[in-house]
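Each remark here refers to the structure printed beneath this line.
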Amino acid sequence: MLRRVGRNLVIFQQIEHFLKFLLSSHQHSGTAETLQANAKAQAECISTKTLGVLVEKYKTEILHDAGEEIPEVERPAGWFSFSYRLSVEKEFLDSLHNDLKVMTDERNALVHHFLPRWQPGSDEAMAQALAYLDTQREKVLPMFEHLKRNIEGVEESRRYLQEFIKSPEYEKQFELMWIQSSPLIELLNEVAQKFSRKDGWTYLAHAGDLAAKELPDEVKALKERYGYKTLKKLLIGSEMFDVLDEPLSDGRFRTLYRVKPGASD
């Protein structure tokens, strides 16, 4: 009897540990300087929560109805974020909610209300208590396995993220993100929106003059800061603009540019 009580208590403690791990790990965000501190603060906050609070947070922060849209949140430049959610059909979502409730009720029943079942002087009562403990275990194992699989999913996602961060593609995307959010690109984008011709193209020479007035240090240190010798190459490298050399009657040409559809959204 005591072994089975202990077995079930360990299962409930593992489930609580699983929930704390998932809620501490499913979403991290911040700048390069604050990301680690934010994650630590989140873990410390979750570590003090009761099982009931953990269950509610798991239902609202990780489980989602696949039919509901998750709104995107705009973040400032240099902001990193990692999130893990489980989107399921409503029928399955309802069953998970039910399993969470069953697990919570069974845990409370064992911790707070099991003592009346402890009747060593009655073989019949002890047999019933043993059967109760075995049935209880079977009731909570589905949630135990569900949370265990989710932890494996989070760890796999982290592994993929770490591999991506170490890859040349990440370095390229990080540099591209930095360029696209830079003051100079923002200014060139703004000029293209305000001073384009009727056909949508903007004179790069005009944009360059405005940039030299508004951001002289950025233009002077173009190669050192952005890795490109000219504004034309910077525009192309940012992948936000179409660039065109328009022929002139004297055999020369002038460079035009325009924002690619969707690039400024």
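I need the full set of residues from segment 107-159 which are within 30 Å of SER83 (Cβ to Cβ) and among the acidic types (Asp, Glu), in order please.
GLU145, GLU152, GLU155, GLU156, listed by residue number.
Given the conditions (1) under 30 Å from SER181 (Cβ atoms); (2) surrounded by 15 or more Cβ atoms within 10 Å (Cβ to Cβ), report the number of the one that LEU51 does not fulfil.
Condition not satisfied by LEU51: (1).
Kindly list the number of the only condition in (1) surrounded by 12 or more Cβ atoms within 10 Å (Cβ to Cβ); (2) at pLDDT below 95; (3) part of a helix (DSSP H, G or I) that fails for GLU156.
GLU156 satisfies all of (1) surrounded by 12 or more Cβ atoms within 10 Å (Cβ to Cβ); (2) at pLDDT below 95; (3) part of a helix (DSSP H, G or I) except (1).
When you scan segment 226-244, how many residues do you find that are surrounded by 13 or more Cβ atoms within 10 Å (Cβ to Cβ) and free of Cβ contacts under 8 Å to residues at least 12 places away in the same chain?
Residues that pass the stated criteria total 4.
Are there any pairs with C-beta distances below 6 angstrom linking a residue in segment 3-30 that is in the same structural domain as LEU161 (by TED's automatic domain parsing) to a residue that is part of a strand (DSSP E or B) and modelled with pLDDT of 95 or more, with the two at least 6 apart or on different chains, and if so which?
Once the first residue is in the same structural domain as LEU161 (by TED's automatic domain parsing) and sits in segment 3-30, no partner that is part of a strand (DSSP E or B) and modelled with pLDDT of 95 or more comes close enough.
From the list GLU218, GLU246, which one is over 21 Å from SER81 (Cα atoms), assigned to a helix (DSSP H, G or I), of a type in the set (Asp, Glu) and in contact with a Leu (Cβ under 7 Å, 6 or more places away or on another chain)?
Going through GLU218, GLU246 in turn, just one is over 21 Å from SER81 (Cα atoms), assigned to a helix (DSSP H, G or I), of a type in the set (Asp, Glu) and in contact with a Leu (Cβ under 7 Å, 6 or more places away or on another chain): GLU218.
Look through segment 181-195, keep the residues that are of a type outside the set (A, V, I, L, M) and either surrounded by fewer than 16 Cβ atoms within 10 Å (Cβ to Cβ) or at pLDDT 90 or above (or both), and return whichever of them is nearest to LYS220 (Cα to Cα).
PRO183
Test ASN98 against the stated conditions and say whether it is loosely packed, with under 13 Cβ neighbours inside 10 Å, polar (S, T, N, Q) and part of a helix (DSSP H, G or I).
For ASN98, the condition - loosely packed, with under 13 Cβ neighbours inside 10 Å, polar (S, T, N, Q) and part of a helix (DSSP H, G or I) - is met.
The values are calculated or read from the model by the stated rules, or taken from the named source; none is laboratory data. Note that this is a predicted model, so its numbers are computed, not measured. Methodologically, a virtual Cβ is constructed for each residue, glycine included, from the backbone with ideal geometry; neighbour enumeration extends over all protein chains shown.
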